[in-house]
């Protein structure tokens, strides 16, 4: 690409009025390109990179968010591993994220295949399934809170189920499942659209040919559909896991981290400890670990899924 | 594996097509699968039922909240909306949300596209390629890691208001938007702008007169993504905005968590009013929104 550009410029230079003028113009062109990106770079550096570096820096101090501070080495990191509350938040977040990621992708792929079938009202249905993505998670979460707290127990009582007859949001062992249900409901909307985009890239003749060959629906799915949308599967898996690892908006309206601290996610612990608990430096150390975990998980996932993509 | 099978399949189709004319083709090309249609309609209820529930609850009186709560309100109590309007200072919150969203969308479209243009036309230069990777790698940085320092920074710069929030959306948006724009810009043929450049137009003019008008479809995609983000976001406004006067629609819903926690019907009216603006826009422009999102995902 580079050689092509320089060759065109060369030809232009030979044909143009004077080589000196062209060179001056080229320098002007380059200058404009730099001027276009420098403000963005500076702002990004100030508002994103500097805070990242500051976060890493403070994680080695005992800074409370105000006042004086001292370097304390790796003490914050060592304490995090001993902190029951933080450890529980990691277990909860990982468990929630893995279960939700799998469910979202199974549900979304199934719905997308259904929408891609020979159905009536396709555009209308597609529009309905995307609707949750248009609404604020926090606000819809309050609506789900009521459904889980009052409507579901009422139905549970009618059905004579002991577990369901009380609010599952108040149940230490089950509250996380309510968050999973809501998260899947909300995130499936976007994943469906992504899978639908993938399914539409598969030529219809493939299926016609396969069905003439006698391949059933199940066989067609594993031999045609799934390999053909492998890239979309990878994107959806990586994005879902990453987003669910950062879960925050879902938890505030449903359980607010409770009962007790049963459903506190890592983001929620950082938010609470950092802003309300005066553990600024300690929570930045937590955030650094969290960052390392997310990057590691994403890279690990990409490697595994892309290897599968190639072999498929 | 799939390629092999498809090749084998094609041969069979060819053979089948060759032998077909013997019997008359009556099968219509697209028969509607009614069973599947019915199944999808039932599945779509998972989305519609919570919304139905929100609407009927918003119209009830507190003592109509009995049983599972799926019955219709009788009589409907429209005053809930008036009360929610008053309690949340709805006009103020809606205006804040609107200013922040519109500001973030417009500034993003104008600036991020330009940055992406400069990067995409210099990808062979190490500096620009590095800048591209620099922006995109931020996609993997979770917000909580920068949250605490950014809040201190914006407070010190007196950017703990709507203007600061717009700025942060535009700057943080670079990570994803540069990625989307560059993918699209690479597919625009260079001949157009080279013609303009040889005619003596500057890069600046060329971008705004030739390239920017061609970015319509991808501007729509980026605009939709930014609009959904800025309007519905909770965590960023929660930590950045310091004054109650600056609060956005999601934030003011907190009102119902304190002393009014028993007042579910008014709260639901408020939730509906917070969701309504974007939902209405979505219903009107549904196909356009979805095709915009799809375009972003294929790039």
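Just so you know, all these numbers are worked out from the coordinates, no wet-lab data involved. Note that the structure is predicted; figures quoted are calculated from it, not measured. Positions of Cβ are backbone-derived with ideal geometry, glycine not excepted, and every protein chain shown enters the neighbour counts.
Per-residue counts of other Cβ atoms within 10 Å, averaged by peptide: what ranking do you get for A:274-287, A:112-125, highest first?
So the peptides A:274-287, A:112-125, ranked by packing, come out A:274-287, A:112-125.
How far is it, in nm, from the label point at residue B:283 to the one at residue A:64 when both lie 7 Å from their Cα along the line to the Cβ?
A separation of 5.3 nm, rounded to one decimal place.
Mind jotting down the distance between the C-alpha centroids of the range B:224-299 and the range A:209-281, whole Å?
The range A:209-281 and the range B:224-299 have Cα centres spaced 21 Å from each other.
Looking only at other chains, what is the average number of their beta-carbon atoms within 10 angstrom of each beta-carbon in B:274-284? Mind dumping the intermediate values first?
Working: counts 6, 7, 1, 0, 3, 3, 0, 1, 6, 3, 0.
Mean partner shielding for this stretch: 3.
Can you tell me which of A:73, A:65, A:216 moves the most in a GNM of chain A? Springs connect C-alpha atoms under 10 Å apart.
Comparing A:73, A:65, A:216 in the GNM, the peak value goes to A:216.
Given the options B:180, B:166, B:283, which has the most mean-square fluctuation in a GNM of chain B, springs set between C-alpha atoms less than 10 angstrom apart?
B:283
Using only alpha carbon pairs under 8 Å that are at least six residues apart, calculate the relative contact order of chain A and give it in whole percent. Mind showing how you got there, number by number?
Details: 304 pairs, mean separation 84.1, N = 312.
Averaging sequence separation for qualifying contacts and normalising by length gives 27 percent for chain A.
Quick one: Cα centre-to-centre distance for the range A:51-67 and the range A:77-109, in angstrom?
Rounded to whole Å, the Cα centres lie 25 Å apart.
Out of A:74, A:45, A:96, any idea which swings most in a Gaussian network model of chain A, alpha carbons joined below 10 Å?
Result for chain A, Cα springs under 10 Å: A:45 fluctuates most.
Mind checking A:41-53 for the average number of partner chain beta-carbons within 10 Å of each residue's beta-carbon?
6
Kindly state, to the nearest 0.05, the FRET efficiency for residue A:300 paired with residue B:63, given R0 = 41 Å and r defined as their beta-carbon distance.
Once rounded, the FRET efficiency stands at 0.15.
Kindly provide the helix-only [θ] at 222 nm of the protein assembly as shown, computed as the sum of -39,500 (n - 2.57) over DSSP H runs of four or more divided by all residues, to the nearest 500 deg cm²/dmol?
-22000 deg cm²/dmol
Other chains near A:140-149: what is the mean number of their Cβ atoms within 10 Å of each residue's Cβ? Mind showing how you got there, number by number?
Details: counts 7, 3, 10, 11, 3, 1, 10, 8, 0, 1.
The shielding value for this peptide is 5.
Determine the shape class of the range A:131-273: with a ≥ b ≥ c the square roots of the Cα gyration tensor eigenvalues, call it rounded for a/c under 1.5, and otherwise prolate if a/b is greater than b/c, oblate otherwise.
It is prolate, given that a/c is not under 1.5 and a/b is the larger ratio.
Do you know the relative contact order of the range A:124-208, to the nearest whole percent, from alpha carbon pairs under 8 angstrom that are 6+ apart?
Result for the range A:124-208 is 33 percent.
With an 8 Å Cα cut-off and a minimum separation of 6 or more residues, compute the relative contact order for chain B in percent.
Values: 241 pairs, mean separation 87.4, N = 299.
Once normalised by length, the contact order is 29 percent.
Sorted by average packing, counted as other Cβ atoms within 10 angstrom per residue and highest first, what order do B:271-278, B:120-127 take?
B:271-278, B:120-127
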